[in-house]
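The values are calculated or read from the model by the stated rules, or taken from the named source; none is laboratory data. As the structure is a prediction and not an experimental result, all values here were calculated from the model. No Cβ is skipped: glycine too gets one built from the backbone with ideal geometry, and neighbour counts run over all protein chains shown. SASA here: full protein model, heavy atoms, side chains in, ligands and nucleic acids out. Shrake-Rupley method; radii C 1.70, N 1.55, O 1.52, S 1.80 Å.
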Amino acid sequence: MTTPEPQPPAPQPPVPEYKDRVHRSAAGIAAGVLLLAIACWLGIDAIVAGEGSTPWRALAALLLVVPLVIAFTLRPAVYVGDDRLRIRNPFRIIVLPWGQIDALRSGYSNEALTKSGAKFQLWAIPVSLRARNKAARQEARRSGQGGAGFGGGGLGGGRAGLSGGRGAVPDGPVRAESDQVMDDLREVLEARRAEKPAQGEVAVRWAYEILAPAGAGAVLLAVLLAV
């Protein structure tokens, strides 16, 4: 009597891979598109209609200006993953494992501080003092309404209890958008900093794809202006 051959174990389903969350500045992107449109319009007009050395100067100026506009407006982004925070600033790309981040600080700018003492600015999450002041005023008004008259359990309480209504009061304190994003990043930092996959070394790479054409344009423009 023959014994049945053992069957190989069933293959395990692949673990799904999730894309990083990306934070970018909508205002910066809009400003970058507008500046690029103006620069290209003026530059191409000077190249086509200019005389003498004007077309070459316009070309050199475009070679200098376009990469810089892209670097400071369209390029900045913050990628939030389970294991690391990747910061794409105008001239550098910084990869910070969560285990290497000591704190995320918000002041006049948003910054990531590493355990070694290095500091990296989060260009893609700019601080708006106007938005902070607006959020503070909204929070003050909401706190005042909640404790006055019928705000606690009467008309105000019924209005706050409408699920999805236009007059619904949000849970928690009112925060500016950039401050809320930083709060979310701090939650991820606290949850992931001790995990083994979130350990590693800080990596910094210069953006030569921005620096090289901008430097060439600067040199060419200086030569043309000096001649």
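Among the listed residues A218, A214, A112, A124, identify the single one that is among the small types (G, A, S), modelled with pLDDT of 75 or more, in a loop (DSSP other than H, G, I, E, B) and surrounded by 15 or more Cβ atoms within 10 Å (Cβ to Cβ). Matching residue, one of A218, A214, A112, A124: A124. Note on segment 61-86: residues that are hydrophobic (A, V, I, L, M, F, W, C) and over 22 Å from P213 (Cα atoms) amount to 3. Of the set (1) open to solvent by 60 Å² or more (accessible area, probe 1.4 Å); (2) at pLDDT 95 or above, all apply to R75 but (1). Candidates in segment 1-40 are the residues that are in a loop (DSSP other than H, G, I, E, B), hydrophobic (A, V, I, L, M, F, W, C) and open to solvent by 100 Å² or more (accessible area, probe 1.4 Å); of these, the one that is modelled with the highest pLDDT is M1. Given the structure, is T73 touching a Gly at 6+ places or on another chain (Cβ under 6 Å) and either closer than 19 Å to A198 by Cβ or touching a residue at least 12 places away in the same chain (Cβ under 8 Å) (or both)? Against the criterion (touching a Gly at 6+ places or on another chain (Cβ under 6 Å) and either closer than 19 Å to A198 by Cβ or touching a residue at least 12 places away in the same chain (Cβ under 8 Å) (or both)), T73 qualifies. Counting the residues of segment 200-211 that are surrounded by 13 or more Cβ atoms within 10 Å (Cβ to Cβ) and within 14 Å of R75 (Cα to Cα) gives 3. Return only the number of the condition from (1) outside any helix (DSSP H, G or I); (2) over 22 Å from the mean Cα position of the chain (by Cα); (3) closer than 30 Å to V223 by Cβ that L62 does not satisfy. Tallying (1) outside any helix (DSSP H, G or I); (2) over 22 Å from the mean Cα position of the chain (by Cα); (3) closer than 30 Å to V223 by Cβ, L62 fails exactly one: (1). For segment 89-109, filtering for residues that are open to solvent by 50 Å² or more (accessible area, probe 1.4 Å) and in contact with a strand residue (DSSP E or B) (Cβ under 8 Å, 6 or more places away or on another chain) leaves 4. Taking into account only those residues within segment 177-199 that are charged (D, E, K, R) and under 24 Å from T73 (Cα atoms), which is surrounded by the most Cβ atoms within 10 Å (Cβ to Cβ)? This residue is D179.
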